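Worksheet: one structure, shown below.
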Amino acid sequence: MSTAQAIFRSYRAPRAVARDFRAAGADEATGLGWLFAACILFFIAQLPGLARTSHLSDGDVPLFGLALGTFFGTMLLAPILFYVLASLSHFVANTLGGQGSITDARLAMFWGLLASGPVVLFQGLVAALIGPGQQATLVALVSFMVFLWVWLNSLIELEGAR
């Protein structure tokens with residue numbers, strides 16, 4: 001199954017997709033690829049909003065500077081944060097009786113991030129075209145809910161008793 005098919009299937013059946021990845025032998029390298037692909041998507045999703053910010057500031061804030069700072073945050077700092085969150089989720093899952101490995105927790109987190117990528121791209125368009133407001137907040141909430149849905153269901157599947 002292609003990655004795009006797996007992403008859209010994750011919206012309906014995230015546990016089945018997680019089972020498929022486990023059966024296919026997904027490992028740390030696979031998870032790292034998912035993480036960086038998700039971070040690239042998140043960076044791209046923010047570019048239209050950054051262009052809007054730069055344009056509305058009449059050039060006082062250069063787009064290059066905004067993009068560089070965003071790139072630094074999404075490609076260098078965010079992966080570290082996601083690794084820490086995955087480790088914390090593994091600790092919580094083990095406390096609640098989970099029997100998975102730290103790699104399983106990372107795969108669940110990183111797949112949740114990648115699976116939410118299309119919705120995050122839409123969120124970036126809404127933020128750029130409409131700007132701040134209720135619509136942008138609603139789309140951001142939906143985006144976060146999609147991430148939570150896929151991540152938590154994948155975590156339950158991968159960290160569950162074997």
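Each reported figure results from applying straightforward, stated rules to the coordinates on display, with no laboratory input. Bear in mind the structure is a predicted one, so any value in this text is a computation, not a measurement. Every residue, glycine as well, gets a Cβ built from its backbone with ideal geometry; the counts of neighbours run over all protein chains shown.
Which residue fluctuates most in the GNM of the chain (Cα springs below 10 Å): Gln99, Gln123, Gln46? Evaluated over the chain, the most mobile residue of the options is Gln99. Over the residues of the chain, the helix contribution to mean residue ellipticity at 222 nm works out to -27000 deg cm²/dmol, using -39500 (n - 2.57) for each DSSP H run of at least 4. Each of Gln134 and Arg52 was given a label point 7 Å from its Cα along the Cα-to-Cβ line. The distance between the two points is 1.7 nm. In plain terms, the chain from Ala29 to Ile102 could stretch by 24.9 nm, reckoned as 0.36 nm per residue minus the Cα-Cα distance.
Pairwise over distinct Cα atoms, reciprocal of the mean inverse distance: report the Kirkwood radius of the range 16-159 in Å, one decimal place.
When all Cα pairs of the range 16-159 are included, the Kirkwood radius is 16.1 Å.
A Gaussian network model of the chain, with springs between Cα atoms under 10 Å, assigns the largest mean-square fluctuation among Phe64, Phe122, Phe110 to Phe64.
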